[in-house]
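The values are calculated or read from the model by the stated rules, or taken from the named source; none is laboratory data. Not measured: the values here are computed from a predicted model. Here the Cβ positions follow ideal geometry from the backbone for every residue, glycine too, while neighbour counts run over all protein chains shown. Surface areas here come from the heavy atoms of the whole protein model, side chains and all, with no ligands, DNA or RNA. Shrake-Rupley method; radii C 1.70, N 1.55, O 1.52, S 1.80 Å.
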Amino acid sequence: MSKIHVTTTVNGDPVEFLCEASESLLDVLRDRLSLTGSKEGCGTGDCGACSVTVGGRLVCSCLVLGAEVEGRSVETIEGMAEGETLHPLQRMFIKHAALQCGICTPGILVAAKSLLERNPDPTEEEVRYWLAGNLCRCTGYDKIIRAVLAAAAEMREAS
Amino acid sequence: MALGSKRDTSKRDFKIVGTRPLRPDGIDKVTGRARYGADMSAPGMLVGLVLRSPHAHARIKSIDTSRAEALTGVHAVVTRADFGDVEDAATADTLDNCMAGAKALYDGHAVAAVAAASDAVAKQALKLIEVEYEPLPHVTDVDEAMAPGAPVLHEGRTDETVPQGMSANVISRCQFGHGDIEAGLAKADRVLKRTYRTEATHQGYIEPHACLASMGPDGQADLWCCTQGHYMVRNTCAAILGLEQGKLRVTASEIGGGFGGKTTVFLEPVALMLSKKAGRPVKMVMTRSEVLRATGPTASSSIDVRIGMTKDGRITAGFAELRYQGGAYPGSPVNMGAMSAFAPYDLENVRTIGWDVVTNRPRQAAYRAPGAPIAAFAVESAIDELAKGFGLDPLEVRLKNAAREGTRASYGPTYRAIGLEATLRTAKDHPHWTAPLGPNQGRGVACGFWFNFGGDTCVSLNITPDGTVTLTEGNPDIGGSRASMSMMAAEELGIPYDKVRTVIADTGSLGQNEVTDGSRVTFAVGLATIEAARAAKREMCRRAAKVWGIDEEAVVWEDGAAKPSGPNAGEFPPMTLEEIAAIASNTGGPIAGHFEVNAEGAGVSFATHMVDTEVDPETGAVRVLRYTVFQDAGKAVHPDYVEGQFQGGAAQGIGWALNEEYIYGEDGTLQNPGFLDYRIPVASDLPMIDTVILEIPNPGHPYGVRGVGETSIVPPLAAVANSVSDASGVRLTDLPLSPPKVLAAIQSR
Amino acid sequence: MVQVRLWGSLASAIGDQTEVEIEAGTLGELLEGLAERYPALRPQLDRGVSVAIDGLLYNDSWFTPIKEDSEVVLLARLEGG
Ligand code: FES
Ligand code: FES
């Protein structure tokens with residue numbers, strides 16, 4: 001099977017890779033680009049651990065083909081902090097103990113960031129429904145929701 | 001922000017323990033840098049995949065691997081024939097579970113594995129393996145498996161406790177209790193008799209099992225894997241592969257959840273064998289469907305309860321007969337269910353009988369307080385129904401019967417200081433208890449108990465030349481334990497928290513460590529950390545004494561420094577840890593403290609949960625509106641992570657009560673091996689989960705710590721069921737309380 | 001002599017005795033003494049037991065001291081998650 005050549009941008013960096021036609025973006029990120037921050041919890045779009053944005057749209061990277069990101073721009077957890085400076089969501093997740101094992105954390109952070117870009121002042125309910133596609137088995141979500149709301153408040157103040 | 005309130009009943013003043021510092025592995029985990037099981041690779045690595053049985057029960061007549069082996073890109077194929085015999089029965093079962101022998105015992109049972117240059121080749125190779133099965137009749141239900149004439153999984157595994165004439169699927173019987181049940185029941189104003197059923201649920205960790213193995217022809221091997229206990233992995237794999245334990249070094253990756261499910265091995269021995277045969281490193285990662293089909297869910301059960309109560313709420317006798325199936329091998333947690341069922345109560349007459357049964361399902365693995373939530377569901381539902389029937393306050397009834405210090409527990413021993421009564425009283429005083437409820441809404445409470453364990457533990461604490469501290473321990477950090485350990489070390493040494501870095505060592509760096517289970521880490525590793533810090537302090541006092549030229553007995557450690565003390569010690573300014581560290585080479589060499597112990601003497605813990613639900617009378621759907629956990633933590637080292645354990649346990653229990661279940665088809669295959677159909681709670685299913693931490697110190701720990709990780713999953717099944725009954729007026733005895741079941745019950749009211 | 005309380009299944013194995021007396025100063029001596037005096041208990045002792053001594057749980061530490069008046073209760077082997 002011949003491979004497909006893809007040129008794209010990942011976290012602002014120009015990237016080229018070859019992939020199989022059937023290969024998911026998640027596999028490309030993890031296996032070809034060594035970006036293992038996005039996790040595979042299910043591979044079927046049901047857990048959100050693989051959440052990334054493609055062209056600004058939140059997707060499950062396990063359901064997107066690597067070949068589909070040709071010419072688009074992909075953002076993953078690895079691109080969330082700017083150098084030494086953590087994103088407010090990242091800081092609030094640590095501060096509010098919003099992770100136990102942390103396997104869901106990259107996906108939830110990417111999803112929450114995408115929410116706050118659309119809605120800087122979400123209600124608790126809006127956060128809960130937005131994150132309904134991101135499973136966390138450890139925390140019962142309580143501290144995650146608090147951390148997202150706290151980050152939103154801080155970001156509103158800063159802007 | 002106030003996240004729950006906290007009551008301090010302990011005397012000691014702590015500086016760091018009890019505060020909420022940031023966890024040291026936080027940045028790695030919010031930036032994607034932390035490496036979990038599937039995140040490691042090695043040069044020349046092959047992909048390992050497993051071929052699994054499509055049958056619930058089948059004799060394996062032959063396996064022909066020759067076509068797979070001949071495929072270009074395939075480097076090794078492994079079947080059971082590659083493994084030798086294992087003596088120890090439990091380890092032999094583990095091997096058989098990792099790679100089927102004469103029979104495939106459940107849908108998803110591993111029968112062969114390949115290592116190939118790519119995922120695509122490995123998949124193709126699996127298709128080329130020809131397995132000739134002779135399908136056999138199967139059984140997946142616990143009651144059916146016990147019936148005479150049921151299809152039998154194993155002959156000759158039944159032990160001496162099982163009466164003659166029962167199905168060979170019945171492995172053992174246990175019995176606990178004291179007093180005279182019939183006499184007790186005779187004194188009751190009402191005797192309630194009910195049968196309860198619960199379905200198997202999976203731990204549901206988001207990270208599938210994964211490992212990377214590398215083994216040379218000389219028997220030396222390295223293994224990277226996500227596990228709750230890499231020492232267990234080492235010992236089990238060594239036994240299965242006939243290796244010397246010291247030759248196999250296991251490194252624990254970050255772990256993406258376990259809840260008991262990662263306290264055994266599945267892929268690891270197979271990956272090692274593939275690597276050995278291929279002469280290359282082999283990486284194996286399960287799919288979600290493999291996780292659900294072939295790794296350990298918990299037991300399913302059927303439980304008969306008889307409880308007698310007087311009309312003023314005194315329980316006169318409690319009886320439960322518990323039947324747990326634990327999948328295809330002996331070892332369901334029924335004994336722990338039978339011991340814990342009535343543990344919260346002070347009963348004159350109590351008896352529980354437990355039956356361990358095998359069925360054609362995946363071998364159960366521990367799941368958070370194994371066996372206890374199911375038993376508590378039955379007993380707490382029955383007590384609630386009796387209390388309601390007499391028009392009594394369910395909290396009052398529990399208080400009236402609550403076990404206290406000096407109570408003889410239903411499983412035998414006499415309790416020392418315990419916190420059940422405190423959780424009940426706090427619950428009663430909490431605003432949640434008296435908050436108004438709307439139409440179709442109800443409130444339920446339930447209590448829960450768990451033992452907690454200790455076990456082999458080994459830590460080493462090293463003082464670096466600049467006076468910072470490295471703590472090396474051997475238990476994977478599954479929910480913030482690095483933070484708790486650093487806190488205890490800092491507390492004991494009298495230095496700031498950020499001067500300590502805790503590292504999880506590989507199996508080559510420390511002695512034996514028991515797995516991260518039984519809520520043991522904060523208790524046992526904490527205890528060893530404190531003792532290791534004390535050893536380092538003693539050495540630092542010795543060094544200061546040498547410098548000062550005084551007796552070492554005349555030196556004490558205070559606030560992070562050695563100080564002379566006593567009448568003849570002389571006048572010297574305190575010597576800080578940094579100062580002592582800086583001259584360590586001049587005073588005798590590096591300074592370290594270490595401690596090795598089988599940390600026995602863990603203290604039990606109790607919780608009371610309170611939950612409001614709303615039941616939709618049109619659809620039977622249940623919504624959880626409000627939830628409060630009251631639990632005794634002994635001493636909360638890092639309250640954020642204690643609250644996190646409370647909340648996580650409650651959420652898992654809610655899932656167990658409302659949605660989660662293993663569904664088997666007529667053909668014995670699992671019908672819902674994915675997160676779409678095996679539905680765990682999502683953010684929009686749950687409210688905030690309030691927590692109240694009580695602190696009744698554990699006399700067996702220097703800081704009073706009790707395990708907290710497991711107790712929190714014990715009450716929610718019953719608390720939710722009691723709440724649903726309060727909301728809907730119907731009592732359901734079978735979990736999960738899925739909408740069709742609830743609706744049917746409402747309609748037949 | 002130490003009084004040892006047995007759980008139901010063990011009691012049935014030795015003719016419904018729920019308490020037995022054993023000469024023992026440590027946990028190791030206790031387990032050994034039991035197996036010797038009551039061979040019917042041996043299969044379960046081999047499979048493993050936990051022991052509550054004065055309300056705290058022990059599994060394997062042979063030299064855990066037991067006093068004459070200690071409350072000693074045998075329990076089925078406990079495992080956590
Ligand atoms: S791995 Fe993509 S949604 Fe689960
Ligand atoms: S923190 Fe473990 S799954 Fe969310």
* Do we have any residue at all in region B:691-711 that's more than 10 Å from chain A (Cβ to nearest Cβ), at positive phi and either open to solvent by less than 10 Å² (accessible area, probe 1.4 Å) or acidic (Asp, Glu) (or both)? -> yes
* Asked: Only one of these conditions is not met by B:Glu254: (1) open to solvent by less than 10 Å² (accessible area, probe 1.4 Å); (2) within 16 Å of ligand 2 (Cβ to nearest atom). Which number is it?
  -> (1)
* Restricting attention to region A:117-133, and to residues there that are facing another protein chain (nearest Cβ under 7 Å) and not hydroxyl-bearing (Ser, Thr, Tyr), which single residue is surrounded by the most Cβ atoms within 10 Å (Cβ to Cβ)? -> A:Leu131
* Asked: Taking the stated definitions as given, is B:Arg194 of a type outside the set (Gly, Ala, Ser), under 30 Å from the mean Cα position of the chain (by Cα) and either open to solvent by less than 20 Å² (accessible area, probe 1.4 Å) or within 14 Å of chain C (Cβ to nearest Cβ) (or both)?
  -> no
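Only one residue in B:Pro476, B:Pro436, B:Pro465 is in a loop (DSSP other than H, G, I, E, B) and free of Cβ contacts under 8 Å to residues at least 40 places away in the same chain. Which one?
Details: B:Pro476 fails: free of Cβ contacts under 8 Å to residues at least 40 places away in the same chain; B:Pro465 fails: free of Cβ contacts under 8 Å to residues at least 40 places away in the same chain.
Among B:Pro476, B:Pro436, B:Pro465, only B:Pro436 is in a loop (DSSP other than H, G, I, E, B) and free of Cβ contacts under 8 Å to residues at least 40 places away in the same chain.
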* To do: Identify the residue in region A:15-44 that is more than 19 Å from the chain's Cα centre (by Cα) and of a type outside the set (D, E, K, R) and, among all such residues, is nearest to the other protein chains (Cβ to nearest Cβ).
  => A:Ser22
* List every residue pair whose Cβ atoms lie under 6 Å apart, where the two residues are 6 or more positions apart in sequence or sit on different chains, the first residue falls within region B:101-120 and is within 17 Å of B:Val47 (Cα to Cα) and within 14 Å of another protein chain (Cβ to nearest Cβ), and the second residue, located anywhere, is at pLDDT 95 or above and assigned to a loop (DSSP other than H, G, I, E, B). => B:Ala117/B:Gly73
* Any pair with Cβ under 6 angstrom, 6 or more apart, that starts in region A:41-70 at a residue that is under 15 Å from A:Val10 (Cβ atoms) and within 14 Å of ligand 1 (Cβ to nearest atom) and ends at one that is of a type in the set (Val, Ile, Thr) and in a loop (DSSP other than H, G, I, E, B) -> A:Val52/A:Thr76
* To do: Tally the residues that are assigned to a strand (DSSP E or B) and open to solvent by 40 Å² or more (accessible area, probe 1.4 Å), restricting the search to region B:542-556.
  => 1
* Pick from region A:82-112, criterion in a helix (DSSP H, G or I), free of Cβ contacts under 8 Å to residues at least 60 places away in the same chain and away from ligand 1 (no atom under 16 Å from the Cβ), ranking: most open to solvent (accessible area, probe 1.4 Å) -> A:Lys95
* Asked: From the residues in region B:389-440 that are under 27 Å from B:Asp612 (Cα atoms) and of a type in the set (Asp, Glu), which one is surrounded by the fewest Cβ atoms within 10 Å (Cβ to Cβ)?
  -> B:Asp429
* Where residues in region A:66-81 are within 12 Å of A:Leu29 (Cα to Cα) and out of contact with any strand residue (DSSP E or B) (no Cβ under 7 Å at 6 or more places or on another chain), which of them is surrounded by the most Cβ atoms within 10 Å (Cβ to Cβ)? -> A:Ile77
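With the condition being facing chain B (nearest Cβ under 10 Å) and more than 19 Å from B:Ser332 (Cα to Cα), I'd like the strands (runs of 3 or more DSSP E) fully within chain C carrying at least 3 qualifying residues. So that I can check it myself, show each step before the final result.
Details: elements: C:2-5, C:19-22, C:49-53, C:56-58, C:72-76.
Ranges flagged: C:49-53, C:56-58, C:72-76.
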* Structure fact -> Residue pairs within 6 Å by beta carbon, gap of at least six or interchain, first lying in region B:62-90 and open to solvent by 50 Å² or more (accessible area, probe 1.4 Å), second among the hydroxyl-bearing types (Ser, Thr, Tyr), listed first then second, are B:Ile63/B:Thr79
* Asked: Would it be correct to say that A:Glu117 is more than 16 Å from ligand 1 (Cβ to nearest atom) and assigned by TED's automatic domain parsing to the domain that holds A:Arg32?
  -> no
* Is it fair to say A:Leu63 is in a helix (DSSP H, G or I) and not assigned by TED's automatic domain parsing to the domain that holds A:Val148? -> no
